[in-house]
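Have a look at the structure below, then the notes.
We did not get these values from a lab; they are worked out from the coordinates using the rules stated. Since we're looking at a predicted model, the values are computed, not measured. For neighbour counting, all protein chains shown are included, and Cβ atoms are generated from backbone atoms with ideal geometry for every residue, glycine included.
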Amino acid sequence: MSKDNSPMGQDSKMPASGGLNATETAAYDALSAGPSRTLLGDAWRRLRKNKLAIVAIVWIVIMVVAAISADLWVPRFFGDPIAIETTTLSTNRLLAPSFTHPFGTDDLGRDVFSRVVYGARFSLAVGLIATAISIVIGLILGALAGYYGGLTDAFVMRGADVFFAFPYTLFAIAMIAVLGPGFINVFLAIGILGWPSIARVFRSSILSVKQQDYIQAARALGANDVRIMLHHILPNSVAPIIVYGTMSIGGAILTEAALSFLGMGIQPPTPSWGYMINASTKFLLTAPWLMLWPGFAILTTVLAFVLLGDGLRDALDVKMKD
Amino acid sequence: MAQDLLVVDDLKMHFHTRDGVVKAVDGVSFTLNKGETIGVVGESGSGKSVTAMTMLRLIPMPPGKIEGGDVRFNGTSLITMSDDEIRKIRGNRIAMIFQDPMTSLNPVYRVGHQIAEPLMLHKGMSKKEAWARATELLEMVGIPHPSSRVKDYPHQFSGGMRQRVMIAMSLACDPDILIADEPTTALDVTIQAQILELMQELQKRTGSAIIMITHDLGVVADMADRILVMYAGKAVEYGTVDEVFYTPSHPYTWGLMDSLPRHDMTEKGELCPIKGQPPSLIDVPPGCSFSPRCPYAKDICKVETPLSRSIDGSHVAACHFAGDAGFTRNEMACALEVTAG
Amino acid sequence: MLKYIARRILQMIPVFIGVTVLLFVMTAVVPGDPVKMITGERQISPAVYNQIRAEYAFDKPLPVQYGMYLNRLLHGDLGRSLMRGRDVRDMLVEKFPYTARLALCAIVIEIIIGIGAGMVSAIKRYSFADVLVTLSTSILVSLPVFWLGTLLQLFFGIYLKRWTGGAFYLPLSGAGGSGVFPEWVYLILPSITLASVSTAYAARIMRSQLLEVMGQDYIRTASAKGLSGSAVLWRHAIKNAMIPVVTFIGIDFGAMMSGAILTETVFNWPGVGNEVYNAVVRRDWPVVMGGVVVIVVLVMVINLLVDISYAFFDPRIRYGGGSEE
């Protein structure tokens, strides 16, 4: 398959009539003169040029910092996300956005901004931890399949097919139906879903690398299988896994929101964006803003991961084939 | 005297990219007449393919830009004609075949359809007529059972067969000129010979001219009437095949000849490659672009760009010393030091 | 090609078994007395209790139970609703046409807008249209479907109520609607919502496929034959680029079904998804599991059909290998 990527990656113009490959390569081959830098260094350089990705990273950092440090500043300035002030309940319900309550208050008098920030904790946690679970399972199973081949491979791949047959969110719903709602169960339900993609990617990396000479050399030197996998194969397959992983975080956050929306995620009164949206539908007529904030929160967070994933893929693309 | 079939006159085409101007084609000239074959020889990146694509205006014009020179086909300039007009020429009067037959044919269309396409487009044939002609063409290029094979898809052919299909496709409209861009590079050695033989045979039959682009001197030695040697976007030597092979006059040509493994080499003989790398086409070094790798380079070479010097009639070479008495190939050139740079 | 179809079907069998095993394990693990799962809250005599226990072999080892479960599945028995006492299968069959209509509309939108936008974006690369499409697909892909639905309801149903006459706010109640507007009007918002994410993905894939195809050698050959730009595009490029896109749409059907649950819930659309959600709320597990089974089987069948249709589109599969020397 002819590559249409010049060393300049996404910056090169793609000719509309196509077919410049031999010549483009010829022309641009001349440009890539210069010492080759490290894989990550090169990629980081390219990533830095991608403005959207930088904005995404900044936003993610902001959210993470805000969420982690929430206890320090949110309750003091905006109010507690969970506690209900029964004395002021009647006057504090469903207030429109204002200075003291930038996002307004919900039907129980709680400050919405505070709840959104605290909600970030859980959503980000789910995104990261569930994806981490997927990656770990995926790497292990993918490694077994790719490295040992034969029956193990067939087994794992059929297993992946089974999981692929299930629509993502549906499976999460079914798992929660079985396990019951709650913190850990959400992590598990979403985390278990993601392994097939990672496994497949890692497996194909292994398959393509397995035959190469430096693997035989390492074996001749006495390296055992695990060591080979960790030191030789993993670094080469890191790129697509990084990209998939980043995209998966976004997907995990969306799935968690869906679960919470259906009442199957984290239980109230702990704030969760999905649940907040559900609760707000009752007040569409009287307090429409209630629905907006958690939705925007989800949108911007997931979008940040998606853009970051896109950027990473473009940055790592020259090394990463298919 | 009738005009030449094709005249390339000091053609210059540069790519304007973010990182600078790539001088992909920087002054190429040659002529071609009916029934003749010219071999365009050079390394990857020398600009030989780009030259051919520029002639047919297949280079997208941003980022490419024609900076000078002309290409005249039967007296008419290909560079200045309109888009519609050049499209009437492509595949019709001037056809091109490409290097990799595996990827150059559309996998979702039958072979007959792809051959019939230019016939219906340029010759106004009906589908039936075009497919009939396609079958004839397949037979002409030596594909067995053409009437059933014409309905097959590209992936059902082997590499050599696919290249024959490409040749059939390009000859469909009886072009005056066939441009073959490294037609055998992607094929097995035995198949290579077959394809070249086929092309020669067809040329005798149809009388078309051929531009054979290759990096392989062996290929052109047999087929070509004239040879154009290119380096870093420029033409460095041009002459008849005898002139260039028996009296090469440019150090780069000497280097090419030297780097060929020879029959008479002893087993312990070393290969003699040209030292160094081709230059970046953006930061073109001043003076002669070959000078950093040239064992014969003198100070003037680093400063002044050499113009084409006439050696003998139409035999020219772009070297300050070309044709000078006593400027001959040094048998020990391999051992000479080269000023790196 | 028949070989290809046969192979695909054979490959599906172990997957189907795996899926049913997984589902069975999930149903077996549901907390609570399994007999109660069948009978619900009703009071039953010990005799009936034991009868049910024997009938479903709850005292036998799991593999036996699985076998019986599989048997029931293959006969179309999905159990009985705890709350309604009706056969799950009947309930779902009743709701299915609504979901089917919704999904169909969504797919049509996905094809027309998704593929169209993707094409425009690829053809006019770096233009304003391209940037617009790229940005909006990124946003749509990050948008929670249920939020979009609510947003649309808010906007069209409430803010624009004057102009739309409340069509988008009044929920469709039962078969035949609330009678004020023809049914297709009620379909508009939910199908747009359901289609949104899929359309975005379809556009992205179309775009990247088309760009990749445009860089292929055979496109260069087509230009060299003298074909005009649009002929090259429509006759050579698009035909190749469409293949993966069409298969994507088929594969995406599964995700659409998941989305259907959320969308139907938001718009109170009486389809299978809504039914599953309501069942979750009232802890009616047989309905939930039954719904899941139905959807999963449907997805698998569609995937199989997509795989088979792939053979029609790609002659390399249809006429399997040639002579490769």
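Quick rundown of the values:
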read-out	value
Partner chain coverage, peptide C:146-155 - average Cβ within 10 angstrom	5
Sequence ranges C:298-308, A:114-124, C:214-224, B:77-87, ranked by mean other-Cβ count within 10 angstrom, highest first	C:214-224, A:114-124, C:298-308, B:77-87
Rounded if a/c under 1.5, otherwise prolate or oblate - segment A:116-315, Cα gyration tensor axes	prolate
Kyte-Doolittle at least -0.5, axis length at least 24 Å by Cα - qualifying DSSP helices, chain B	B:189-206
Residues B:Glu197 and C:Phe155, FRET efficiency given R0 of 56 Å [Cβ-Cβ distance, rounded to 0.05]	0.20
Charged-residue dipole, Cβ positions (Lys, Arg, Asp, Glu), chain B about Cα centre, Debye nearest 20	1100
Long-range amide H partners of B:Glu67 with built H, under 5 Å	B:Lys12, B:Met13, B:His14
Inter-part distance where segment C:246-261 and segment B:28-90 are each reduced to a Cα centre, Å	49
For chain B, the spread of Cα positions along each principal axis, largest first, Å	66, 51, 46
Highest to lowest packing among C:143-154, A:251-262, scored as the average C-beta count within 10 Å	A:251-262, C:143-154
FRET efficiency, 1/(1 + (r/R0)^6) with R0 60 Å, evaluated for B:His16 and C:Arg84 via beta carbons	0.25
Among C:192-204, C:4-16, the order from most to least packed when residues are scored by Cβ within 10 Å on average	C:192-204, C:4-16
Segment C:96-138-segment B:269-315 distance, computed between alpha-carbon centres (Å)	55
Other-chain or far-sequence residues with amide H under 5 Å of B:Ile179's (modelled H)	B:Ala95, B:Met96, B:Ile97, B:Ile211
Cβ charges +1 (Lys, Arg) and -1 (Asp, Glu), total dipole of segment A:116-315, debye	120
Virtual paramagnetic centre 7 Å along Cα→Cβ of A:Ile68, amide N under 20 Å, in segment A:131-171	A:131-133
Contact order normalised by residue count of chain B, Cα under 8 Å, 6+ apart, percent	19
Partner chain coverage, peptide C:252-263 - average Cβ within 10 angstrom	4
Number of partner chain Cβ atoms within 10 Å, mean per residue of A:253-261	4
Inter-probe distance in nm under a simple model that places probes 7 Å from Cα toward Cβ, at B:Gln277 and C:Ala100	6.4
About the Cα centre, charge dipole magnitude for segment C:187-325 (Lys/Arg +1, Asp/Glu -1 at Cβ), debye	360
Pairs from B:Lys48/C:Lys225; B:Lys234/B:Lys302; B:Lys128/C:Lys239; A:Lys49/C:Lys239; B:Lys65/B:Lys298 whose Cα-Cα separation, in the structure shown, is over 25 Å	A:Lys49/C:Lys239; B:Lys65/B:Lys298
